[in-house]
Amino acid sequence: MGQVAASSVQLPNVLHAAAVLPDEAGDVAIMYPVPEWLAERNRESWKQIVRFYEEGPYSEDWHLEPVLRLVRGVEQSSLAGSFRAGQAVYMLMVSTKERHGLEAGDPYVIVHPEAPGKIGMAYFDPSGRLGASEDVPEPEARACLERMLMRLWADSPGRGQLP
């Protein structure tokens, strides 16, 4: 098997250096570089979303527990520093915006509960069109979200290319 070489790039005030690194299972992880001030703001948005899902008065018919577990996992990962979390009603909204609020032309990902044990995800491109949609069992949700976040990053103005 071939090995993937990691490259380190020095960027001023950047949280992550762009790198492609294989993990123990051989999967490739891509780091998304953002300034430290934005990474802090993004991490705080994930903390707020965790609290939103933990504290909200929700109907059991909404099946939010799988989404909460997914959100907790992302909040504890390096992804939380690179992507902003928000919500609309009970749906998770993920973007690369610096501040709250999507505008025309902003790509985003939505995550919502489906049937028990299933999570729905959709990616909307900068034109507002549905670019991808999947309903996945909870064990596959993190991988599905990472695929959609990769596409979101690529389509985000000023963020689309890793240095």
Approximate shape of the stretch 36-155 as ellipsoid semi-axes (Cα gyration tensor, √5λ), whole Å, largest first: 20, 17, 13
What net charge is computed for the residues neighbouring GLY117, neighbours being all others with C-beta under 10 Å from the C-beta of GLY117, Lys and Arg scored +1, Asp and Glu -1? -2
Expressed as a whole-number percentage, the relative contact order of the stretch 36-155 with C-alpha contacts under 8 angstrom and at least six residues apart is 21
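Rule-based calculations on the coordinates, nothing more; no lab input. Because the structure is a prediction, the values reported are computed rather than measured. All Cβ positions, even for glycine, are placed from backbone atoms using ideal geometry, and neighbour counts span all protein chains on display.
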